[in-house]
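The values are calculated or read from the model by the stated rules, or taken from the named source; none is laboratory data. Every value quoted in this text rests on a predicted model; they were computed, and no experiment measured them. Cβ coordinates were reconstructed from backbone atoms using ideal geometry, including for glycine residues, and neighbour counts include every protein chain displayed.
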Amino acid sequence: MCKYDFEDCELCESPGGEVVWESDLCRVVMVGDPDYPGFCRIILHRHMREMTDLPQKERMQLMSVLFAVESAVRTLYQPDKINLASLGNMTPHVHWHLIPRWRDDRHFPNAVWTKPQRQNSPRRPLVNRQQLGDQIIAAMRTR
């Protein structure tokens, strides 16, 4: 985490979810949303507001992690689509949302933060933390 060096930042003060993988640069956490199994966040450990605040090498490393997580989630969950988002309006700390999407999920085709289109998402197979972590490690080896 940020070694608690930035007050009032929830991503500096807590892991932000269940940690499934981490490096010196960042961590990958499972969000735990039952409508979107496989929903992960890739969170920079230290507090930075924008991607362009990072040195180029770290930007590239962070994107490599993001792509490895996308590959792992696609392999394990087989979604119809992956949404990637880096907003930071509510939490101005560099982090990416990686959200697997299915044509029959609650919000499809709209963003998950909009009004639902359907009552519920169908149940999807659950993948545990270890399986996802192992798949991320495997994907990182090919990068």
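The table for this structure:
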| read-out | value |
| --- | --- |
| Residues of segment 88-135 classified as of a type in the set (Asp, Glu) and either under 14 Å from ASP33 (Cα atoms) or exposed (fewer than 13 other Cβ atoms within 10 Å of the Cβ) (or both), total | 2 |
| Any hit, segment 21-29, residues being polar (S, T, N, Q) and in contact with a Cys (Cβ under 9 Å, 6 or more places away or on another chain) | no |
| Some residue of segment 96-110 being in contact (Cβ under 8 Å) with a residue 12 or more places away in the chain and among the polar types (S, T, N, Q) | no |
| Residue within segment 94-108 that is assigned to a loop (DSSP other than H, G, I, E, B), at pLDDT below 95 and closer than 24 Å to CYS9 by Cβ present | no |
| Close pairs from segment 10-21: first without any contact (Cβ under 8 Å) to a residue 40 or more places away in the chain, partner assigned to a loop (DSSP other than H, G, I, E, B) and surrounded by fewer than 15 Cβ atoms within 10 Å (Cβ to Cβ), Cβ under 7 Å, at least 6 apart | GLU13/TYR4; GLY17/GLY32 |
| Residue selected from segment 17-54 under the condition surrounded by fewer than 16 Cβ atoms within 10 Å (Cβ to Cβ) and hydrophobic (A, V, I, L, M, F, W, C), by the criterion nearest to the chain's Cα centre (by Cα) | VAL19 |
